[in-house]
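Student: Right, I'll just put the structure down here and ask away after.
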Amino acid sequence: MLSVTDHCLRSRNYVNVIVAGKQLAPQWLTMEQAIKHCTAGIGIWEFASNDKGSDPDVVMACCGDVPTLETLAAVELLHKHVPELKIRVINVVDLMKLQPTREHPHGLSDLEFDALFTIDKPIIFAFHGYPWLIHRLTYRRTGHGNLHVRGFKEEGSTTTPFDMVVMNELDRFSLVNDVIDRVPHLASKAAYAKQALRDKLLEHKQYVAKYGDDMPEIANWKWNQDSTGKRRTSTGGDNV
């Protein structure tokens, strides 16, 4: 968040709107990394990806604080349950990057977009707004048919933060299930993983009904793996 504020304060001839929550938020990048990332508006997060030097099996994209957290939690689960899976994590700060350059000055060229998202791999996109917006921004792209967006479906009422995410199927378990269903060679190999995820969702529902709060392993989750699945020390810095 600091890097976004820094960008807004330094800009001229712009109308900037900053929306910030009052709750503590994870810090995914250092300040230097965050400034570069926010300036670019979109990019691969290498610390969460493990496809460098090869083609990814799946692209996991995210935009927004909660979708980013849930995507990274899903990636960690995939590292655990399907360690051989090649995952590319893309974080989007500037949604206009999804449009072609001919439609918006911030847009990516078709070659740049295809290099990031590929033209033939499944893309699981977690978004903090309505899914149709992402589809509208990308409908001209080559790989649009491979794009599957998880976003706000106007589900939920007064409940816990994570339960609201579950109701909109934007949670880490739903994202992992999506990956298993969309990556062809995983369907038959990940039956036990799908069952474990289903059981976790049931456990979550029971816990919320009994205690009126999210399970500690959900509420206190922190990213602690590097791109190879080894444990790593979390890095302080900017929240993107």
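The values are calculated or read from the model by the stated rules, or taken from the named source; none is laboratory data. In this text the structure is predicted, and so the values were computed from the model without any measurement. Every residue, glycine among them, receives a Cβ derived from its backbone with ideal geometry; neighbour counts consider all protein chains shown.
Student: Whether any residue in segment 163-182 is exposed (fewer than 15 other Cβ atoms within 10 Å of the Cβ), in a helix (DSSP H, G or I) and of a type outside the set (S, T, Y) is what I want to check. So that I can check it myself, show each step before the final result.
Tutor: Of segment 163-182, the ones exposed (fewer than 15 other Cβ atoms within 10 Å of the Cβ) are none.
No, that holds for no residue.
Student: Report yes if some residue within segment 166-184 is farther than 14 Å from E70 by Cα and in contact with a Leu (Cβ under 8 Å, 6 or more places away or on another chain); otherwise report no.
Tutor: Keep residues of segment 166-184 that are farther than 14 Å from E70 by Cα, which gives 180-184.
Cutting the leftovers down to in contact with a Leu (Cβ under 8 Å, 6 or more places away or on another chain) gives us 180, 183.
Within segment 166-184, one or more residues are farther than 14 Å from E70 by Cα and in contact with a Leu (Cβ under 8 Å, 6 or more places away or on another chain).
Student: Exactly one of these conditions fails for T68: (1) surrounded by 22 or more Cβ atoms within 10 Å (Cβ to Cβ); (2) more than 13 Å from W28 (Cα to Cα). Give me its number.
Tutor: (2)
Student: Scan segment 209-220 for residues that are within 24 Å of F127 (Cβ to Cβ) and either assigned to a helix (DSSP H, G or I) or at pLDDT below 95 (or both) and report the count.
Tutor: Step one: of segment 209-220, the residues within 24 Å of F127 (Cβ to Cβ) are 214, 218-219.
In the following step, the residues that additionally are either assigned to a helix (DSSP H, G or I) or at pLDDT below 95 (or both) were identified as 218-219.
Total satisfying the criteria: 2.
Student: Tell me which residues, restricted to segment 33-48, are in contact with a Ser or Thr (Cβ under 8 Å, 6 or more places away or on another chain), within 19 Å of F127 (Cβ to Cβ) and not in a loop (DSSP other than H, G, I, E, B). Give the derivation first.
Tutor: Taking segment 33-48 first, the residues in contact with a Ser or Thr (Cβ under 8 Å, 6 or more places away or on another chain) are 34-35, 37-38, 46-48.
Next cut, within 19 Å of F127 (Cβ to Cβ) only: 37-38, 48.
Once the filter is applied, which keeps residues that are in contact with a Ser or Thr (Cβ under 8 Å, 6 or more places away or on another chain), within 19 Å of F127 (Cβ to Cβ) and not in a loop (DSSP other than H, G, I, E, B), segment 33-48 yields H37, C38.
Student: Next question. Of the residues F117, F113, which is of a type in the set (F, W, Y), under 27 Å from L197 (Cα atoms) and surrounded by 15 or more Cβ atoms within 10 Å (Cβ to Cβ)?
Tutor: Exactly one residue qualifies, and that residue is F117.
Student: Restricting to segment 51-71, name every residue that is within 18 Å of H185 (Cα to Cα) and either over 12 Å from the mean Cα position of the chain (by Cα) or in a loop (DSSP other than H, G, I, E, B) (or both). Give the derivation first.
Tutor: Our first condition is that a residue be within 18 Å of H185 (Cα to Cα); within segment 51-71, this holds for 51, 54-60.
D51, S54, D55, P56, D57, V58 - these are the residues of segment 51-71 that are within 18 Å of H185 (Cα to Cα) and either over 12 Å from the mean Cα position of the chain (by Cα) or in a loop (DSSP other than H, G, I, E, B) (or both).
Student: I'd like to check something: does segment 104-127 contain any residue that is under 28 Å from Y207 (Cβ atoms) and not aromatic (F, W, Y)? Write out each step before concluding.
Tutor: Narrowing segment 104-127 to residues under 28 Å from Y207 (Cβ atoms): 124, 126-127.
If we keep only those that are not aromatic (F, W, Y) too, we end up with 124, 126.
The answer is yes, given that some residue of segment 104-127 is under 28 Å from Y207 (Cβ atoms) and not aromatic (F, W, Y).
Student: Check off (1) among the hydrophobic types (A, V, I, L, M, F, W, C); (2) out of contact with any Lys or Arg (no Cβ under 7 Å at 6 or more places or on another chain); (3) under 21 Å from N224 (Cβ atoms); (4) part of a helix (DSSP H, G or I) for A74 and give me the number that stays unchecked.
Tutor: Here A74 clears every test but (2).
Student: Okay, moving on. Looking only at segment 141-162, count every residue that is surrounded by 14 or more Cβ atoms within 10 Å (Cβ to Cβ) and among the charged types (D, E, K, R) and tell me the total.
Tutor: The number of residues fulfilling the criteria is 2.
Student: Go through (1) among the aliphatic types (A, V, I, L, M); (2) surrounded by fewer than 22 Cβ atoms within 10 Å (Cβ to Cβ); (3) not in a loop (DSSP other than H, G, I, E, B) one by one and return the number of the condition L85 breaks.
Tutor: (3)
Student: Can I ask one more? Anything in segment 9-32 that is part of a loop (DSSP other than H, G, I, E, B) and in contact (Cβ under 8 Å) with a residue 24 or more places away in the chain? List them, or say none.
Tutor: So in segment 9-32, the residues part of a loop (DSSP other than H, G, I, E, B) come out as 11-28, 30.
Across segment 9-32, the qualifying residues are G21, A25, P26, Q27, W28, T30.
Student: Return the only residue of K121, K97, K80 being closer than 30 Å to K189 by Cα, among the charged types (D, E, K, R) and in a helix (DSSP H, G or I). Walk me through it before giving the result.
Tutor: Details: K121 fails: in a helix (DSSP H, G or I); K97 fails: closer than 30 Å to K189 by Cα.
After ruling out the rest, the residue left standing is K80.
Student: While we're looking at this one, here's another question. Only residues that are assigned to a helix (DSSP H, G or I), under 15 Å from the mean Cα position of the chain (by Cα) and of a type in the set (V, I, T): list them for segment 125-162, please.
Tutor: Passing the criteria: only I134.
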